[in-house]
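For reference, the structure discussed in these notes is given below.
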Amino acid sequence: MKVEELSQYGKTLSGLPKEVEKKQRAVVLHELRLKFGLLGIVSFFIKLFFEQRALKKKYPEAYKNSQKISKSAADEILMMIAMFNIIAKKEGRDKAYEFVKGIFEKIAVYSMPALYQIDDLVRCEGDVFDNFVKFNVAWFKAMNEEGTWIVKEIQKEKDKLTFKVTECANCVIGNAYECPEIAKLGCDHDLAGYPVIIDKVNAVFRRPHTIAKGDDYCDFMFFRKGTEPETNLPNK
């Protein structure tokens, strides 16, 4: 099989398999049970319902704009912001962010391999890193077309692929809801998810800049393993 024949090739985040979405929901429910207990979780879901309704009423344009990505994405973002707000009111914004961040890090273990269809990708004919590059280019182009990211530059070099993203829908929507913390969750997802797959495709992931964490752009860089430069810069 060629990498271009994979069912996830050229798909966006909205193309994740249903079984992966089910696992993600199970992770969220498990973490909420741990935090609130079996009795407390009932009260939490009641608050979650009313907080989501209040957000739609207070920020109708934010919800409307998020639907341009997809209806499911708009509802997931709304739910996460509502969850964040409920916890923030009681424990503060820093603790709320850390809790939701932990959920995204656990979800990434399932979503990143599914996004890249990693078990099938590594069996495709040809060099595995070159196939990973092709898959990434198709994915970033699809995300750009969808409007989730604005990809200003795609640069392919020998043993290196770079994407420069100048606008992120997570940041735009997070700011529109007056919840900029929510934008960082996509970054946190990547930092937890790429280590799960990156060795399998003979690659190294570097991202020293992200918009959500204070930079003017995001720079996704993928090197063939062994060709990456030494650096003390942490991934964001």
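The values are calculated or read from the model by the stated rules, or taken from the named source; none is laboratory data. Everything numeric here is computed off the predicted structure, so don't read it as measured data. Cβ atoms come from the backbone with ideal geometry, glycine included; neighbour counts cover every protein chain shown. All accessible areas refer to the heavy atoms of the entire protein, side chains included, with ligands and DNA or RNA removed. Shrake-Rupley method; radii C 1.70, N 1.55, O 1.52, S 1.80 Å.
Under the definition of Cα pairs under 8 Å and six or more residues apart, what whole-number percent is the relative contact order of the chain?
Dividing the mean separation by the residue count of the chain yields 22 percent.
Charges on Cβ only, +1 for Lys and Arg, -1 for Asp and Glu, centred on the Cα centroid of the chain; of Ile182, Leu38, Tyr59, which one is farthest towards the dipole's positive end?
In the chain, that residue is Leu38.
Could you state the per residue volume, in Å³, of the convex hull enclosing the Cα atoms of region 35-172? Don't jump to the answer; show the numbers that get you there.
Values: hull volume 19.4 nm³, N = 138.
Spelled out: Cα convex hull of region 35-172, divided by residues, is 141 Å³.
DSSP loop trypsin sites (Lys or Arg not before Pro) in region 1-72 with at most 12 other Cβ atoms within 10 Å of their Cβ, which ones? Show your work: numbers first, answer last.
Values: sites: Lys2, Lys11, Lys18, Lys22, Lys23, Arg25, Arg33, Lys35, Lys47, Arg53, Lys56, Lys57, Lys58, Lys64, Lys68, Lys71; in loops: Lys2, Lys11, Lys68.
Passing sites in region 1-72 are Lys2.
Report the charge-dipole magnitude of the chain in Debye, nearest 20, computed about the Cα centre from +1 at each Lys and Arg Cβ and -1 at each Asp and Glu Cβ.
About 860 debye.
How much of the accessible area of region 25-120, in percent, comes from carbon and sulfur atoms when a 1.4 Å probe is used? Walk me through the intermediate numbers first.
Values: 3220 of 5420 Å².
Percent of accessible area from carbon and sulfur atoms in region 25-120: 59.
Spelling out what I want: for every residue of region 88-96, take phi, set θ = phi - 60°, compute 6.51 cos²θ - 1.76 cosθ + 1.60 (Karplus), and round to whole Hz; glycine and proline get x.
Along region 88-96, the couplings run 5, 4, 9, 10, x, 5, 5, 5, 4 Hz.
Which distance in nm do the two modelled labels at Ala54 and Val196 give, with both placed 7 Å along the Cα-to-Cβ direction?
3.3
Set the Förster radius R0 to 30 Å, insert the Cβ-Cβ distance between Glu228 and Glu91 as r into 1/(1 + (r/R0)^6), and round the FRET efficiency to 0.05. Provide the component values of the computation, followed by the final result.
Numbers: r = 39 Å, r/R0 = 1.30.
The computed FRET efficiency comes out at 0.15.
Accessible area per residue of the chain at 1.4 Å probe, in Å²?
Details: 12430 Å² over 236 residues.
Here the residues of the chain average 53 Å² of exposed surface.
Only one of the listed values, [x] 1.11; [y] 1.04; [z] 0.95, was derived from the coordinates as Cα Rg over 2.2 N^0.38 Å; which label is it?
After the calculation, the listed value that fits is [y].
Report the FRET efficiency, 1/(1 + (r/R0)^6), for Glu21 and Gln67, where r is their Cβ-Cβ distance and R0 is 25 Å, rounded to 0.05. All intermediate terms of the calculation are to be shown ahead of the outcome.
Values: r = 18 Å, r/R0 = 0.72.
Computed FRET efficiency for Glu21 and Gln67 comes out at 0.90.
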